[in-house]
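First up is the structure itself, then whatever we jot down about it.
The values are calculated or read from the model by the stated rules, or taken from the named source; none is laboratory data. Worth saying up front: this structure is predicted, and the values here are computed from it rather than measured. Here Cβ is always computed from backbone atoms with ideal geometry, including for glycine, and neighbour counts include all displayed protein chains.
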């Protein structure tokens, strides 16, 4: 079981997305554009904006780790819906076999209903009625396939502003779907079917794929964005065992940041997961207080 994450941070604003800088393995642009764009980001500084051409779909294919195939898989991804309704059902993400035929599809229709369906549309279930055009939603899917009659599929939608963890719409949990006996090779994300003679723009970030059994893939844990990390010298409280040591941290403004958080960890080279949130809404300079003697690392996390 291997989790692979695609965060679309491999370019610069407006730069063209390609296989090398996005991790994709195949694509179809059909006269449209694929570019890195902050406007559709869910995490970090950039997302991935894709615009189709009139009457033509567009997508990029993201494979499992090590080019694995799977009849059991999980998916999670934050999508920014088009700003306007398509003229017909338009696929947001499809899960193809090696021949390129989708085993499972999540789509949005002209009424703004987000749906999920299996091979041949034998089953079609609405995840959300009347989605907001231009809004971000996180889609999660857990699929146990390998059967034409008894595949297990669980799917959910979430909304939010930073973690996209507020459940919306209807959770789907079914055990009689047709996923065929073919293994899935990855995920095709984009505007994957022709939405008629209309040009749409959609965005993606936080695409995650797992090629083994497991629970729902959660939201991306953002990297600790630190415009400055100060390695604190040993603090010297005036009373042994006391907590009157302090450390002042200053940092330069981060473009696009609306606020900052203060984090702390023990030692000279802690792992990201070792940092603990101390305060939110801080400004430079910020003073870490109440420190006992010892070496620590201090981080400031910029928030969009």
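One table, with the values for the structure above:
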| item | result |
| --- | --- |
| Any hit, the range 165-174, residues being in a loop (DSSP other than H, G, I, E, B) and under 15 Å from the mean Cα position of the chain (by Cα) | yes |
| Out of 279, 268, sole residue that is in contact with a strand residue (DSSP E or B) (Cβ under 9 Å, 6 or more places away or on another chain) and either buried (at least 19 other Cβ atoms within 10 Å of the Cβ) or in a strand (DSSP E or B) (or both) | 279 |
| Single residue of the range 100-113 satisfying the filter (closer than 19 Å to residue 209 by Cα and surrounded by fewer than 23 Cβ atoms within 10 Å (Cβ to Cβ)) that is modelled with the lowest pLDDT | 100 |
| Test: residue in the range 68-78 that is modelled with pLDDT of 95 or more, crowded, with 20+ Cβ neighbours inside 10 Å and closer than 28 Å to residue 197 by Cα | yes |
| Set 125, 91: member being assigned to a strand (DSSP E or B), farther than 29 Å from residue 67 by Cα and in contact (Cβ under 8 Å) with a residue 40 or more places away in the chain | 125 |
| Residue count, the range 20-34 (criterion: surrounded by 18 or more Cβ atoms within 10 Å (Cβ to Cβ) and not in a loop (DSSP other than H, G, I, E, B)) | 3 |
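Table: residues versus (1) modelled with pLDDT of 85 or more; (2) surrounded by fewer than 19 Cβ atoms within 10 Å (Cβ to Cβ); (3) at positive phi; (4) under 28 Å from the mean Cα position of the chain (by Cα).
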{"site": "202", "(1), (2), (3), (4)": "yes, no, no, yes"}
{"site": "221", "(1), (2), (3), (4)": "no, yes, no, yes"}
{"site": "242", "(1), (2), (3), (4)": "no, yes, no, no"}
{"site": "259", "(1), (2), (3), (4)": "no, yes, no, yes"}
{"site": "263", "(1), (2), (3), (4)": "yes, no, no, yes"}
{"site": "295", "(1), (2), (3), (4)": "no, yes, no, no"}
